[in-house]
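In what follows, a single structure is set out as structure tokens and then discussed.
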Amino acid sequence: MESRYDINEVEARIEKLWEDSGLFDPDVCIEKGITDPHAEPFCVVLPPPNVTGTLHMGHAAMLAIEDIMVRYARMQGKRTLWIPGTDHAAIATQSKVEKDILKKEGKNRHDLGREEFLKRVRAFAQESHDTIVRQTKRMGASLDWSREAYTLDKQREVAVRTAFKKMYDMGLIYCGNRVVNWDPKGQTTISDDEIVYEERKAKLITFRYDKNFPIAISTTRVETKFGDTAVAVHPNDPRYEEFVGREYDADFCGTKIHVKIISDEAVEKDFGTGALGVTPAHSIIDWEMAQRHDLPLKQIIDEHGKMTIKNELVFGKKAAEAREIVTEELRKRGLIEKEEEISQNVATAERTRGIIEPLPKLQWFIEVNRKFKVENGRLKGQEKTLKELMKSAVADDNVKILPERFERIYFNWIDNLRDWCISRQIWFGHQIPVWTKGEELYVGIEAPQGEGWIQDPDTLDTWFSSGLWPFSTLGWPHSAPDGASRGKPGPENDLANYFPNSVLETGYDIIFFWVARMILMSTCLMGEIPFRKVYLHGLVRDDKGRKMSKSLGNIIDPLTMADKYGADATRLSLIIGAAPGNDVKLSEDRVRGYRNFSTKLWNIARFIEMNKPAASSVSPVDSVALAEARVRASSETHEKYLTDIAALKQEISGHLDNFEFHLAADKLYHYVWHEFADVIIETEKEKLKSGTDEEKAESYAVLEQLLLDSLKMLHPFVPFITEEIYHIFRPGKMLMVEKW
RNA sequence: GCGUCCUUAGCUCAGUGGUAGAGCGCUUCAUUCACAUUGAAGAGGUCAUAGGUUCGAUCCCUAUAGGACGCACCA
């Protein structure tokens, strides 16, 4: 063995060795007789990284954790499949490319036109994809690349369109004119989950529409009051009881408005004056109130955030500017009763950070409170709403979320869930499979026959296609989920063999975006849960606990770490000390520390190899036989070594079964360094130096066995170095498919 | 407002109902020895605070303080 462990040479060579072996593909394992086709299946689908650039430490952590589960399952003899893929990430990718083009060429997407722009986005996505694939392999992830998927490829497009059509036919997808979250910066609608609240100071103004109006109201957005069609008070508020039901005409800064006084539970008595001006067109809450009280809707702001109300003071002005003008006008008219500074949470778009302008728009929605009949699977025939299905999937313990505390968070989210707006006014993504011709509307997988059909120009929320991921990657809708194909090899039988997935592993930050949506799609379309377990990992932060970001300059790049200290060390640094669901603070020192572990392991192997007795170096088969014979005849100390490591194996298996990877890795680390190296080898050193030939051979045999056992247990965590050392002691064998 | 998590060695964090652990850092010593990307020894902790349960609490319960976060509201 080389005296120095050459990380980069070994990791590159082993990566290629695995890839050439084809053993990441379960069908190859079956063909070669390594895996029993009727063995228990174990399937994980990789959360597809966005094609917006490169992998970061969060991805590396995800890959490490999943690879541990997958390699462990494979070594246990399970029929193991881990499917790779990437996500087109519609809005994220589009806005990234838009930004780049604007910076480099000073053009926006409309200057280029839809086709040319999409060409550019696709080129960028392809480049990102290639980088991501390279990086993923570099981390040692044992993914079956022959089954690689992309959320925007042809096969997934069929899945998306099929899902859309089915849900439309079930009455779960509808097109409705509703007040939606409009992002004026990104020029698109977004869903409730894509909103990020930012705390800001605002001026709360208490005023009357005009001198004759009986009730004063409070608002931070006086410019929207042109659109008011009601004033709402709480039903139990004695101050306003007498007014409820009356209607008034008022002159608001020169514009005639008609206002009805209503009572509604949504009003808080203690806020402001306890009376609220209802602006149905520019507030989701107000819009809901308007629905309840049958109020008219008056739009006064457009998609660009400009005032459309025909009032000479503000027409054509930006909302913020109009706010100042209206405030000034109210002052002039002596209508303001109070002005106070308050802090409020402003809704902004997650991607663009533009301030959300609620607007009434015609959009596509998924209705979450409508009862429908499930058509397939285990849940066939049940009449439930999507909300109920999502809830019972977890409440009935069919889907187990780890750590458990996230189940409460999940339920809490479902309770507050509104209809999901799925249409986006961006270009990159799955175009909505709806075509119109005059009054006619067609929903289908393929464009309708005949002239004059126009496809809806909008695209779908990226999470719509991600929601199908657990089964769209397994061949749905082309292959059947059940029937005779179970147990048979080949990707065409994947759905029968690997659905539901065994585990879904992802970050806790996308439990709503993604985990919930997959449960929704799967229970609805498949009539079955998408996966049995959800394992949520924490976020990787810098050593001060801050998010890693370009602007802070605190990014630790997983590939740089892998090149410097090895993918093995990088993986270990992300596993040890990382309790499930807890954030990990990472520093380069940590990675370096685990690189030292690789060196230690290498030297342990080197020491053992150097002490190999000449007699047993004849052939590997003989050496195995010899080792076993020696071990059987071993001394008490030697027996203790072997029972100890057997006990350790029990412990490690237990931890792995319980998803306690951090405990398993920590114990192995401790055993190898502080027990095996520091105690056992130090003890045996003497015998190997001055013992009889017999003693030497026995000592060697025991050490070799301990080493091989350690390598096996370590393999899921540090696959490269363990594979390399294993080959030195067992030429021709592949550790990744050895039996656990 | 509702809820969750965190508070353990100088730093970053694991962990456990019964003499406290890791990495990095620090001190001293060792080195023709598998490994200086090392070994040995060591310093350093009333496990946030106050109550309670218990034979026994860092761990379970309650409250308090500080920090992080999620959800709802935010007129």
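Things worth noting here:
- The local environment of A:D589, defined by Cβ-Cβ distances under 14 Å, has a net charge of +3 under the rule Lys, Arg +1 and Asp, Glu -1.
- Residues of type lysines that A:K387 reaches as a straight line, Cα spacing below 29 Å, ignoring anything fewer than 8 places off in the same chain: A:K165, A:K166, A:K361, A:K371, A:K373, A:K400, A:K533
- Amide H to amide H, with H built 1.01 Å from N, A:H537 comes under 5 Å of A:T506, A:G507, A:Y508, A:G581, counting only residues 5 or more places away or on other chains.
- Computed [θ] at 222 nm, helices only, for chain A once each DSSP H run of length n ≥ 4 contributes -39500 (n - 2.57): -12500 deg cm²/dmol
- Computed lengthening from A:H304 to A:S587, 0.36 nm per intervening residue step minus Cα-Cα distance: 97.5 nm
- Cβ charges +1 (Lys, Arg) and -1 (Asp, Glu), total dipole of chain A, debye: 1080
- Dividing the mean sequence gap of close Cα pairs (under 8 Å, 6+ apart) by how many residues segment A:32-102 holds gives a relative contact order of 49 percent.
- Put a plus charge on the Cβ of each Lys and Arg, a minus charge on the Cβ of each Asp and Glu, and nothing anywhere else: the dipole of segment A:352-489 about its Cα centre is then about 540 debye.
- Straight-line cross-link reach from A:K269 at under 21 Å between alpha-carbon atoms covers these lysines, not counting any fewer than eight positions away in the same chain: A:K203, A:K225, A:K260, A:K338.
- Entry note, segment A:162-244: relative contact order of 12 percent, from Cα contacts under 8 Å with a spacing of 6+ residues.
- In percent, rounded to a whole number, the relative contact order of chain A is 16, using alpha-carbon pairs under 8 Å and six or more apart.
- Mean Kyte hydropathy of -0.5 or more with a Cα span along the axis of at least 30 Å, helices from DSSP in chain A: A:693-714
- Near the amide H of A:D419, within less than 5 Å, lie the amide hydrogens of A:V368, all on another chain or at least 5 residues away, with H placed in the peptide plane.
- Charge-dipole axis of segment A:686-740 as Lys and Arg at +1 and Asp and Glu at -1 on Cβ define it, positive-most pick from A:S710, A:M736, A:S690: A:M736
- Annotation: amide H-H contacts under 5 Å for A:S587 (H modelled 1.01 Å from N, sequence separation of 5 or more, or interchain): none.
- Built from the Cα atoms of chain A, the convex hull projects on average onto 38.1 nm², one quarter of its surface area.
- Packing here is the average count of other Cβ atoms within 10 Å per residue, and on that basis the peptides A:302-313, A:382-393, highest first, run A:382-393, A:302-313.
- Bridge type composition, chain A - antiparallel percent by DSSP, nearest 5: 70
- Charged side chains reduced to their Cβ positions (Lys and Arg at +1, Asp and Glu at -1) give segment A:33-175 a dipole of some 180 debye around its Cα centre.
- Taking the empirical scaling 2.2 N^0.38 Å for compact globular proteins as reference, segment A:391-539 has a Cα radius of gyration ratio of 1.22.
- Candidate lysines - alpha carbon under 16 Å from A:K332, same-chain residues fewer than 8 apart omitted: A:K211
- Mean projected area (nm²) of the alpha-carbon convex hull when segment A:434-485 is viewed from all directions: 5.4
- Considering only A:V244, A:L204, A:A266, the residue lying farthest towards the positive end of the dipole of segment A:172-297 is A:L204, judged by Cα position with unit charges set on Cβ.
Coordinate-derived values only; no laboratory data. Computed from a predicted structure; not experimentally measured. Reconstructed Cβ throughout: ideal geometry from the backbone, glycine too, with neighbour counts over all protein chains shown.
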